[in-house]
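Here is the structure we will look at.
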Amino acid sequence: MGWFKRLKEGIQTATKNKKEAPDGLWYHCKECKEAVTMKELRTNFFKCPKCDIHVRIGSHDYFDLLFDGKFEIHFDEILSADPLEFKDVKTYPDRLIAAKKKTSLSDAICVATGKIKKKPIVIAAMDFSFIGGSMGSVVGERISRAIDLAIETRTPFMIISKSGGARMMEASYSLMQMAKTSVKLSQLAKAGIPYFSFLTDPTTGGVTASFAMLGDLNFAEPNALIAFAGPRVVKETIKKDLPEGFQRSEFLLEHGFLDFIVDRSDLKDKLGELLVLFDESGVKQASIAP
Amino acid sequence: MVFLEFEKPLEVLYEKLEKIKQVGADGEIDVTDMVVNLEKRIAKRQKEIFTNLTPWQRVQLSRHPDRPYTLFYINHICKKFTELHGDRKFKDDKAMVGGIGSIDGQTVVIIGQQKGTDTKMRQFRNFGMANPEGYRKALRLMKLAERFGFPVITLIDTPGAFPGIEAEERGQAEAIARNLFEMAQLKVPILSYVIGEGASGGAIGIGLGDRVFMLENTWYSVISPENCSTILWRNWDHKIDAADALKLTANDMFKTGIVDGIVKEPMGGAHTKPEEMCKMLKRHIKKQLNELMEIPTEQLIEQRIDKYANIGVYEQLETKEL
């Protein structure tokens, strides 16, 4: 029994603020309870070296892992407003300020362009640390613009999903982002640009029920929670214990909703391969074939 | 008649009216004047109650046990309606109904969630909570409509897509996502109405219309007030606050521009005069269909995509300060 209780699980700080963190700091794995140094964790793709669990990481961590060096951030000038003047126990603007302070992020998704194994790609990656990775107008708009950018530049598009679902403080606007992102993806599909949906722990609610399930390819990290209704809601509904492994990546693969599961350490190589297979010249040929 | 809590003053008056009518029916005394007077009082009181409904009261009305449901509307609006069953993949979902029929000579495909009218039927209809096969049936019927150029009408009335084990196994999320994706490019007009409850993904899964309208006493949002209260306030007691905060009424949704208009209900709610409600809805549908069917297909799809691509409120910094 420790003296201190861990209040928040997972890594909460954005990578860009964490680079200074001394490599000697310890990370305590919530699965196997083993302690490893931050350096060990980072060099092991943020997977616990002892039990291989994929620790939740942020958009910038993925960008660092995937891009060949440099990448460019887009659309971070688009920020949340408070259209409904929403107030529960806190006001929405207060929640936004707190989230920005805690994470140094501007919202729950970050769009970047760069190259993976010399192949250009547009990536929109979600941050669970920002209000549970919830989808509001900003998430919808940044995805929408990322899709426009992918169409204009004829570049493959990927979304890294990591979300608790809708941003309740934007109520109906939040709900409509499901429609917004889906109609935009229908345009991307029409333009013949490949869309990879990469689902990470956790991907639930309105995000799963829109862009996360609409990939030309859907793939996930191992053991990620992927659901429409979260396990707690399902359990309350059916009043029974849930089967082992329910709503995990392996379960979704088995039931036919994922193309494959990829370990984080293989992700860059796998994407490099896919980008070659879906190369623009190939895409063009496909679109003129009868 | 079932009276909601805020309608209790009316219940007393209605009881009186019944008694007086009974006396009249028994003979001797002429009660005509008394009946007329009392009916006037009822109408006046009803107007008072119904002109200032709170969002939570509207939510309650949207769930009124006597409220007309999808098949009631379909049977009163359509002629020669044939219900079409099954998703051709797994089974027939009883919580989602649909079929083909005629509205004054125009063949249409109508789809909607269906609630049950008594305990047994409520279970049979799974309380209007569709499983993935329901959404897939809806899509199959929309594709049928597309092939033959029939407009699609969807009637939304659900407390949510069903959150069960099998629903998750069969891909509830994928089924809803697929509908959104396919509806975006559907080559025929889609006209959607929230006729009762419009809860979250379960509602929008058939709700991506060229035009979307709400009946006066309905709600449409990302979550029910009860569940919103549980998540944000951490208990069930703030459903009234949540109903206010979510801006989920037809009025609020029209103000934000997310829905295109409001369909009036008879005074006292759709359930007080269901046949009249059907007539009002039919008139509305016919007018909208006439307009939508004039729009060339390419333009229709373009407008639909623009409509949804433009929903969202955000700030945009002039220079990159981050």
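Things worth noting here:
- Answer from A:Phe211, A:Phe246, A:Phe260 - the residue that is more than 30 Å from A:Pro93 (Cβ to Cβ) and touching a strand residue (DSSP E or B) at 6+ places or on another chain (Cβ under 8 Å): A:Phe260
- Note on the stretch B:88-110: residues that are free of Cβ contacts under 8 Å to residues at least 40 places away in the same chain and surrounded by fewer than 16 Cβ atoms within 10 Å (Cβ to Cβ) amount to 2.
- Among residues of the stretch B:111-133, those that are part of a helix (DSSP H, G or I), within 13 Å of chain A (Cβ to nearest Cβ) and surrounded by 24 or more Cβ atoms within 10 Å (Cβ to Cβ), counted: 1
- Tabulated pairs, the stretch A:42-53, first within 12 Å of A:Asp263 (Cα to Cα), second among the small types (Gly, Ala, Ser), C-beta under 8 angstrom, 6+ apart or interchain: A:Asn44/A:Ser265; A:Phe45/A:Ser265; A:Lys47/A:Ser265
- In the stretch A:228-272, of all residues being among the aliphatic types (A, V, I, L, M) and touching a Leu at 6+ places or on another chain (Cβ under 9 Å), the one that is nearest to the other protein chains (Cβ to nearest Cβ) corresponds to A:Val234.
- Once the stretch B:144-199 is narrowed to residues that are among the β-branched types (Val, Ile, Thr) and assigned to a helix (DSSP H, G or I), the residue that is nearest to B:Ser62 (Cα to Cα) is B:Ile176.
- Scanning the stretch A:112-141 for residues that are assigned to a loop (DSSP other than H, G, I, E, B) and of a type in the set (Lys, Arg) returns A:Lys117, A:Lys118.
- Counting residues in the stretch B:229-239 that are buried (at least 22 other Cβ atoms within 10 Å of the Cβ) and under 17 Å from the mean Cα position of the chain (by Cα) gives zero.
- Any hit, the stretch A:86-100, residues being within 14 Å of chain B (Cβ to nearest Cβ), assigned to a loop (DSSP other than H, G, I, E, B) and surrounded by fewer than 18 Cβ atoms within 10 Å (Cβ to Cβ): yes
- If the condition is being outside any helix (DSSP H, G or I) and either among the hydrophobic types (A, V, I, L, M, F, W, C) or closer than 28 Å to B:Lys255 by Cα (or both), then the stretch A:169-193 contributes A:Ala191, A:Ile193.
- Taking the criterion of being more than 11 Å from every other protein chain (Cβ to nearest Cβ) and surrounded by 24 or more Cβ atoms within 10 Å (Cβ to Cβ), the only residue of the stretch B:218-228 that qualifies is B:Thr218.
- Screening B:Ile285 with (1) touching a strand residue (DSSP E or B) at 6+ places or on another chain (Cβ under 8 Å); (2) surrounded by fewer than 18 Cβ atoms within 10 Å (Cβ to Cβ); (3) over 23 Å from B:Phe50 (Cα atoms) gives one miss only, at (2).
- Filtered residue count, the stretch A:159-189, keeping only those that are more than 7 Å from chain B (Cβ to nearest Cβ) and not acidic (Asp, Glu): 12
Coordinate-derived values only; no laboratory data. What you see is a predicted model, and the numbers here were worked out from it, not measured in a lab. Using ideal geometry, Cβ is built from the backbone for each residue, glycine included, and neighbour counts are taken over all protein chains shown.
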